[in-house]
1. On each of the three principal axes of the Cα atoms of segment 209-277, give max minus min coordinate, whole Å, ordered largest first.
2. Running Debye on segment 3-66 with equal point scatterers at the Cα sites and no solvent, what base-10 log of I(q)/I(0) appears at q = 0.12, 0.16, 0.22, 0.26 Å⁻¹?
3. Compute the projected area of the convex hull of the Cα atoms of the chain, averaged over all viewing directions, and report it in nm² to one decimal place.
4. Using alpha carbons only, how many angstrom separate the centre of segment 242-277 from the centre of segment 5-80?
5. For segment 1-147, compute Rg over Rh where Rg is the Cα radius of gyration and Rh is the Kirkwood radius from the inverse mean 1/r over Cα pairs.
6. Through the Karplus equation 6.51 cos²θ - 1.76 cosθ + 1.60, θ set to phi - 60°, convert the phi angles of segment 149-162 into ³J(HN,Hα) values in whole Hz; use x for Gly and Pro.
7. Most fluctuating residue of Glu249, Glu97, Glu55 in a GNM of the chain with Cα springs under 10 Å: which is it?
8. Phe80's amide H: which non-local residues (gap 5+, or another chain) put their own amide H closer than 5 Å, with H modeled 1.01 Å from N in plane and none for Pro or chain starts?
Amino acid sequence: MTIKKYRQYFINSLEDLYSIEELQSIFYLLAEKLLHLSRIDITLQLDDTLTSDEEINFNQAIDRLKIYEPVQYILGETEFFGYPFLVNKQVLIPRPETEELVSWIIEDVDKKETTILDIGTGSGCIAISLAKKLNNAVVSAIDISNKAIEVAKKNALINNVNVEYSSVDVLNFEDKLVLQDKWKSKFDIIVSNPPYVRMQEKKLMQLNVIDHEPDIALFVEDDDPLLFYRRISELSRQYLKHNGTLYLEINEYLGVEMEKMLNEAGFKHVELKKDMFGKNRMIKCW
């Protein structure tokens, strides 16, 4: 089958589940990965014939798309802040709003050496992007999942940066003893994008997220939605330098509650920031 005919078959197979525009975009992403062809190349080579192996690979992708598996997992990679990142079902797919959080940090940091801790690093997208953009940054990152740390370490190698990774459960107070031994000095910046989606919000989310991305990195119980933020604020009081800064990505519906909690925890100059969609998604404080 030619590329042109298969492209139409691909769209026809999935048009009941996705918009035509989305399917066209997905097809070109898959073609770049499976055929090593850019969008322009495909336009110039529409009459080329796919090999049987290439058709098999595309058909497998169609089967995965039919169960709403994110294309990033099918590709095994994505882009964040202009950098390549491996992703699988052990880590969240990086979001554009998290790029805004990274940008906020970069805008605030001066050129001197800066020590940074990323809590709940997942794919490593925050820690690695900061290490790439801030030449004088010394970056450490922790996550409860050893499998996520494996992905993050690979991403650090791909992006040619040094990030020190550790497996830590921030909800387990005993792990604080581990941190005390490991980090004698404190950090200028602590940043985190922890689980913050309440279970009651799960029904509002798309199947590609709730059926495929890791629950442990997404959800918190309805009766204690600030659980991780309280623990992170406690760690930050212990491991931030004097006048150090805490940056957090937050649930858009809990901005007021977050400000109140941080003020009560002793943080100053709590600043809530909206993302590109006008939602309260970021907060920083000292």
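None of the figures in this text is laboratory data; all of them are computed from the coordinates on show. Treat the numbers as computed from the prediction; the structure is a model and nothing was measured.
1. 42, 27, 21
2. Listed by q, the Debye log ratios stand at -0.25, -0.46, -0.90, -1.27.
3. Numbers: hull surface 64.7 nm².
Dividing the Cα hull surface by four gives the mean projection, 16.2 nm².
4. Each part's Cα centre sits 41 Å from the other's.
5. So for segment 1-147, dividing Rg by the Kirkwood Rh gives 1.09.
6. Working through the residues one at a time gives 4, 4, 5, 4, 5, 4, 5, 5, 5, 4, 9, 6, 10, 9 Hz.
7. Taking springs between Cα atoms under 10 Å, the residue moving most is Glu55.
8. Phe85
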